[in-house]
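Here is the structure we will look at, set down as structure tokens.
The values are calculated or read from the model by the stated rules, or taken from the named source; none is laboratory data. All values reported here derive from a predicted model rather than from experimental measurement. Cβ: placed from backbone, ideal geometry, glycine included. Neighbour counts: every protein chain shown.
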């Protein structure tokens, strides 16, 4: 299966309305311009909604300077109190303090030192950080190299990959990432790679839903093993 230009145009038409507001985009651009801030934002995003993530991040930003030195010295319970809107706030507070301390001790608090390495080496180093898994590592790498080189797989992407029949339910992160990347016509998407990957994610989230998926409305239904086996 390959995403055709027609399907991409349809995704743009259907899902652009779900895209972030200008204010949200501006906020995310500011966050993603600093790899450490993006790391903290991504940790906060784990197992919660975008709205709660932003609320928790803004609250943390009001309370502390978001850098490795400040957060490594902060009391864990104070971090937890600041991010309580984000869910699992005690767990995330511990991760934030641990990763800040690790970066301070090993990289002088500078995440950019890791990101100056080549992509594969940087990914291996990122995965050594406390609280950083495959998804978080790829979010950070994608902010620099784009989704073509660091395709982010979350629960929505995993679900749609399985339903389309690209992988089976036992597939690991790397297998899912590889198969999903193969359906994008990257050479034809110059300058639009991340936009199209984002639209595909919106399709996975809003149409290929975990409960009550909107299969009849889906533009990929004729290529979808899940839909075809339900008919």
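With the condition kept exactly as written, say whether any residue in region 126-136 is part of a helix (DSSP H, G or I), under 17 Å from the mean Cα position of the chain (by Cα) and surrounded by 20 or more Cβ atoms within 10 Å (Cβ to Cβ). Spell out how you get there, then give the answer.
So in region 126-136, the residues part of a helix (DSSP H, G or I) come out as 126, 134-136.
Now narrow it down to the ones that are under 17 Å from the mean Cα position of the chain (by Cα): 126, 134-136.
Those left that are additionally surrounded by 20 or more Cβ atoms within 10 Å (Cβ to Cβ): 126, 136.
The answer is yes, given that some residue of region 126-136 is part of a helix (DSSP H, G or I), under 17 Å from the mean Cα position of the chain (by Cα) and surrounded by 20 or more Cβ atoms within 10 Å (Cβ to Cβ).
Kindly indicate whether residue 91 is more than 28 Å from residue 208 (Cα to Cα), part of a helix (DSSP H, G or I), touching a residue at least 60 places away in the same chain (Cβ under 8 Å) and over 16 Å from the mean Cα position of the chain (by Cα). Reasoning before the result, please.
Numbers: more than 28 Å from residue 208 (Cα to Cα): yes; part of a helix (DSSP H, G or I): yes; touching a residue at least 60 places away in the same chain (Cβ under 8 Å): no; over 16 Å from the mean Cα position of the chain (by Cα): yes.
The answer is no for residue 91.
Would you please list the contacts, defined by Cβ atoms under 7 Å and residues six or more apart or on different chains, that run from a residue in region 121-145 that is under 13 Å from residue 35 (Cα atoms) to a residue that is surrounded by fewer than 15 Cβ atoms within 10 Å (Cβ to Cβ)?
Close Cβ pairs satisfying both conditions: 137/127; 141/119; 145/119.
What helices (runs of 4 or more DSSP H), lying completely within region 139-224, carry at least 2 residues that are more than 19 Å from the chain's Cα centre (by Cα)? Lay out the reasoning, then the answer.
Numbers: elements: 155-164, 173-181, 193-206.
Ranges flagged: 155-164.
How many residues are touching a helix residue (DSSP H, G or I) at 6+ places or on another chain (Cβ under 7 Å), under 18 Å from residue 52 (Cβ atoms) and surrounded by fewer than 21 Cβ atoms within 10 Å (Cβ to Cβ) when one looks only at region 70-88?
3
Would you call residue 109 surrounded by 19 or more Cβ atoms within 10 Å (Cβ to Cβ) and out of contact with any strand residue (DSSP E or B) (no Cβ under 7 Å at 6 or more places or on another chain)? Step through it out loud before you land on a result.
Numbers: surrounded by 19 or more Cβ atoms within 10 Å (Cβ to Cβ): yes; out of contact with any strand residue (DSSP E or B) (no Cβ under 7 Å at 6 or more places or on another chain): yes.
Yes; evaluated as a whole, the condition is true for this residue.
Among the residues of region 47-69, which ones are more than 14 Å from the chain's Cα centre (by Cα) and outside any helix (DSSP H, G or I)?
Residues satisfying the conditions are 64, 65, 66, 67.
What is the one condition in (1) without any contact (Cβ under 8 Å) to a residue 40 or more places away in the chain; (2) outside any helix (DSSP H, G or I) that residue 110 does not satisfy?
The one condition residue 110 does not meet is (1).
Tell me which residues, restricted to region 1-46, are outside any helix (DSSP H, G or I) and over 16 Å from the mean Cα position of the chain (by Cα). Break it down into steps so the answer makes sense when it comes.
Within region 1-46, the subset outside any helix (DSSP H, G or I) is 1-4, 19-21, 33-34, 46.
If the condition is that a residue be outside any helix (DSSP H, G or I) and over 16 Å from the mean Cα position of the chain (by Cα), then 1, 2, 3, 4, 21 are the ones that fit.
Against the conditions (1) in the same structural domain as residue 196 (by TED's automatic domain parsing); (2) free of Cβ contacts under 8 Å to residues at least 24 places away in the same chain, where does residue 14 fall short? Just the number, please.
(2)
Every residue in region 163-182 that is in contact with a helix residue (DSSP H, G or I) (Cβ under 8 Å, 6 or more places away or on another chain) and touching a residue at least 24 places away in the same chain (Cβ under 8 Å), please.
So in region 163-182, the residues in contact with a helix residue (DSSP H, G or I) (Cβ under 8 Å, 6 or more places away or on another chain) come out as 163-169, 171, 173-174, 176-177, 179-180.
Residues satisfying the conditions are 163, 164, 165, 166, 173, 174, 177, 180.
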